[in-house]
Amino acid sequence: MITVADIIALPAFKRIELAAPCPGAGARGVRNVGILDLAPDEQAYADYLPGEFIVSNLGFARNDPDLMEASLLALIARNVAAVAVKTVYHPAIGAAVRAASEARGVPLYLYEGDYHEVVAYQALDLIRRDEEESDKGRMVAGLLADHDEQVTRAAIYGLTGAMGSTLQCFAVAPRSGDECSLYAVLDALAGVLAEFKRDWASVDTAYACRYHSMLLAFVSYVQPPASVRAASEADLIARIQRTGLVHVGVGEEGPLFDGDLTVQEALAALKTARTEDADVACWTDLHHDAFRAVASTSRLFARTAAYHRALLEEHDAANGAELAATAEALARAYGDVRHAAEILHQHPNTVRYRLRKAKAVLGMPDAPDREFVFLLGLVFLEHTNPLEA
């Protein structure tokens with residue numbers, strides 16, 4: 001959905017600022033745009049609805065500060081998405097209006113720039129564009145839902161127009177949170193990709209689209225030598241980073257009919273980059289996180305792991321024991337009993353005793369420790385991260 005941050009990033013706004021503090025203003029959703037060009041009637045602007053971004057120059061009240069105040073207070077009371085007032089008539093924004101804006105969480109902006117009709121036109125065009133991008137997002141979701149080589153190739157072509165031999169996906173998300181316009185980053189990314197395609201003869205197609213709260217960049221290659229692709233990938237990552245403060249997740253290049261896999265890899269890598277607050281994360285460097293991402297996509301894996309955890313948790317609940325926590329600590333510590341004991345603040349012998357009990361509960365009383373710890377690593381794969389030494 002389009003947000004207030006997307007709207008105020010439009011070129012019609014030459015300069016814009018909040019009239020009063022309003023935390024989270026940029027994250028408010030915008031469903032429509034309206035123009036305020038008349039005084040409030042007895043219905044107090046009943047036609048203005050929540051989710052609308054309202055623009056005005058308050059020209060109808062230019063010589064009447066009291067009418068300006070009454071109009072803005074009535075509009076804020078409608079809980080619209082935001083109000084932007086062009087400063088051409090030097091609007092008087094008093095303490096009552098500022099207090100209402102802050103109290104109700106409806107941001108009130110003062111701006112210099114184009115006429116409010118231009119703002120409305122650009123904003124409505126952006127909302128239309130968002131609807132188109134949402135359709136593309138649904139195409140990506142369909143691409144990830146199932147794997148069939150012909151269906152995948154057709155979906156990739158329908159989404160990106162890619163005709164090359166291979167495809168690589170880059171997932172991009174702004175660092176700056178809800179005050180950043182995703183569409184401003186998308187436009188910058190599209191420009192980067194156009195220049196990248198022009199500069200590298202090995203690139204067949206370069207395309208970007210929105211996917212939920214992030215962006216996906218697709219690059220299709222005409223099967224260049226590996227050394228060329230490695231250099232072009234590094235170049236593209238550097239160019240993407242120059243667009244601003246972003247996290248980047250990099251999937252692996254693969255055949256066009258495996259395009260869904262490179263998307264999943266890029267999304268998993270982006271998740272790691274965000275979690276670790278890293279600029280870039282590549283699928284090939286994820287190691288344990290890569291296997292966790294794969295495991296999380298398998299319902300059968302998740303169900304099997306949950307079953308084993310439930311056996312331990314049910315035993316703990318019935319006996320006042322702590323086998324589940326001990327088993328998870330051992331999985332985190334890769335079977336290092338002393339390390340697990342430090343995490344649990346227990347004696348190593350206590351951990352060894354619980355290890356034997358956990359084997360019995362899971363029906364593996366005679367299994368060697370190494371084999372059992374390997375099982376625990378799978379059981380808790382989605383719940384653990386490697387412990388730092």
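The values are calculated or read from the model by the stated rules, or taken from the named source; none is laboratory data. Remember, predicted model here, so these are calculated numbers, not experimental data. Glycine also receives a Cβ, built like all others from the backbone with ideal geometry; neighbour counts cover every protein chain displayed.
Can you tell me how many residues in the range 203-236 are in a loop (DSSP other than H, G, I, E, B) and over 20 Å from the mean Cα position of the chain (by Cα)?
The qualifying residues number 4.
On the basis of being on the phi < 0 side of the Ramachandran plot and out of contact with any helix residue (DSSP H, G or I) (no Cβ under 9 Å at 6 or more places or on another chain), does ALA95 make the cut?
Answer is yes for this residue.
Of the residues ALA358, ALA341, ALA331, ALA327, which is at pLDDT 90 or above, surrounded by 15 or more Cβ atoms within 10 Å (Cβ to Cβ) and in contact with a Gly (Cβ under 8 Å, 6 or more places away or on another chain)?
Values: ALA358 fails: in contact with a Gly (Cβ under 8 Å, 6 or more places away or on another chain); ALA341 fails: in contact with a Gly (Cβ under 8 Å, 6 or more places away or on another chain); ALA327 fails: in contact with a Gly (Cβ under 8 Å, 6 or more places away or on another chain).
None of the other options fit; the residue is ALA331.
Is there a residue in the range 253-262 that is assigned to a loop (DSSP other than H, G, I, E, B) and within 10 Å of CYS169 (Cβ to Cβ)?
Yes, there is a match, as at least one residue in the range 253-262 is assigned to a loop (DSSP other than H, G, I, E, B) and within 10 Å of CYS169 (Cβ to Cβ).
Do any residues in the range 144-173 that are on the phi > 0 side of the Ramachandran plot and in contact (Cβ under 8 Å) with a residue 40 or more places away in the chain have Cβ atoms under 8 Å from those of residues that are among the aromatic types (Phe, Trp, Tyr) and crowded, with 17+ Cβ neighbours inside 10 Å, where the two are at least six apart or on different chains, and which pairs are they?
Listed by first residue and then by second, the contacts come to GLY161/TYR207.
Does VAL88 fit the bill of being buried (at least 19 other Cβ atoms within 10 Å of the Cβ), assigned to a helix (DSSP H, G or I) and among the β-branched types (Val, Ile, Thr)?
For VAL88, the condition - buried (at least 19 other Cβ atoms within 10 Å of the Cβ), assigned to a helix (DSSP H, G or I) and among the β-branched types (Val, Ile, Thr) - is not met.
Out of (1) in a helix (DSSP H, G or I); (2) within 15 Å of the chain's Cα centre (by Cα); (3) not aliphatic (A, V, I, L, M), the odd one out for PHE170 is which?
Tallying (1) in a helix (DSSP H, G or I); (2) within 15 Å of the chain's Cα centre (by Cα); (3) not aliphatic (A, V, I, L, M), PHE170 fails exactly one: (1).
What's the total number of residues in the range 206-238 that are more than 19 Å from LEU270 (Cα to Cα) and touching a Gly at 6+ places or on another chain (Cβ under 6 Å)?
Count: 3.
So which of VAL55, VAL33 ends up being crowded, with 20+ Cβ neighbours inside 10 Å, hydrophobic (A, V, I, L, M, F, W, C) and more than 24 Å from ALA96 (Cα to Cα)? Reasoning before the result, please.
Details: VAL55 fails: more than 24 Å from ALA96 (Cα to Cα).
The unique qualifying residue is VAL33.
Any residue at all in the range 141-157 that's over 30 Å from ALA278 (Cβ atoms), outside any helix (DSSP H, G or I) and not basic (Lys, Arg)?
The answer is yes, given that some residue of the range 141-157 is over 30 Å from ALA278 (Cβ atoms), outside any helix (DSSP H, G or I) and not basic (Lys, Arg).
Please state which one of THR243, THR262, THR205 is closer than 20 Å to ALA9 by Cα, among the β-branched types (Val, Ile, Thr) and at pLDDT below 95. It would help to see each step written out before you state the result.
Details: THR262 fails: closer than 20 Å to ALA9 by Cα; THR205 fails: closer than 20 Å to ALA9 by Cα.
Residue meeting the stated conditions: THR243.
For residues that are at pLDDT 90 or above, over 15 Å from ALA25 (Cα atoms) and crowded, with 16+ Cβ neighbours inside 10 Å, tally how many sit in the range 103-121.
So the answer is 5.
Looking at ALA20, ALA74, ALA70, ALA100, which one is touching a residue at least 60 places away in the same chain (Cβ under 8 Å), surrounded by 15 or more Cβ atoms within 10 Å (Cβ to Cβ) and either assigned to a loop (DSSP other than H, G, I, E, B) or of a type outside the set (Lys, Arg) (or both)? Before you say what the answer is, go through the steps one by one.
Details: ALA74 fails: touching a residue at least 60 places away in the same chain (Cβ under 8 Å); ALA70 fails: touching a residue at least 60 places away in the same chain (Cβ under 8 Å); ALA100 fails: touching a residue at least 60 places away in the same chain (Cβ under 8 Å).
ALA20 is the lone residue from the list that is touching a residue at least 60 places away in the same chain (Cβ under 8 Å), surrounded by 15 or more Cβ atoms within 10 Å (Cβ to Cβ) and either assigned to a loop (DSSP other than H, G, I, E, B) or of a type outside the set (Lys, Arg) (or both).
So ALA99 passes all but one of these: (1) among the hydrophobic types (A, V, I, L, M, F, W, C); (2) in contact with a Cys (Cβ under 8 Å, 6 or more places away or on another chain); (3) more than 30 Å from GLU132 (Cβ to Cβ). Which condition number does it fail?
(2)
Which of the residues belonging to the range 225-242 are farther than 13 Å from ALA188 by Cβ and either loosely packed, with under 13 Cβ neighbours inside 10 Å or without any contact (Cβ under 8 Å) to a residue 24 or more places away in the chain (or both)?
Those that are farther than 13 Å from ALA188 by Cβ and either loosely packed, with under 13 Cβ neighbours inside 10 Å or without any contact (Cβ under 8 Å) to a residue 24 or more places away in the chain (or both): PRO225, ALA226, SER227, ALA230, ALA231, ALA234, ALA238.
Which residue pairs have Cβ atoms under 9 Å apart, sit 6 or more places apart or on different chains, and have a first residue in the range 196-208 that is farther than 21 Å from VAL140 by Cβ and assigned by TED's automatic domain parsing to the domain that holds LEU236 and a second that is among the aromatic types (Phe, Trp, Tyr) and buried (at least 20 other Cβ atoms within 10 Å of the Cβ)?
TRP200/TYR221; SER202/TYR221
Answer with yes or no whether ARG138 is out of contact with any helix residue (DSSP H, G or I) (no Cβ under 7 Å at 6 or more places or on another chain), charged (D, E, K, R) and either closer than 30 Å to PRO23 by Cβ or not in a loop (DSSP other than H, G, I, E, B) (or both).
Values: out of contact with any helix residue (DSSP H, G or I) (no Cβ under 7 Å at 6 or more places or on another chain): yes; charged (D, E, K, R): yes; either closer than 30 Å to PRO23 by Cβ or not in a loop (DSSP other than H, G, I, E, B) (or both): yes.
Spelling it out, ARG138 is indeed out of contact with any helix residue (DSSP H, G or I) (no Cβ under 7 Å at 6 or more places or on another chain), charged (D, E, K, R) and either closer than 30 Å to PRO23 by Cβ or not in a loop (DSSP other than H, G, I, E, B) (or both).
Please list, ordered by first then second residue, the pairs with beta carbon atoms under 8 Å, 6 or more apart or interchain, first in the range 106-132 and assigned by TED's automatic domain parsing to the domain that holds SER181 and farther than 24 Å from ARG210 by Cβ, second of a type outside the set (Lys, Arg) and surrounded by 19 or more Cβ atoms within 10 Å (Cβ to Cβ).
Between residues of the range 106-132 that are assigned by TED's automatic domain parsing to the domain that holds SER181 and farther than 24 Å from ARG210 by Cβ and residues that are of a type outside the set (Lys, Arg) and surrounded by 19 or more Cβ atoms within 10 Å (Cβ to Cβ), there is no close pair.
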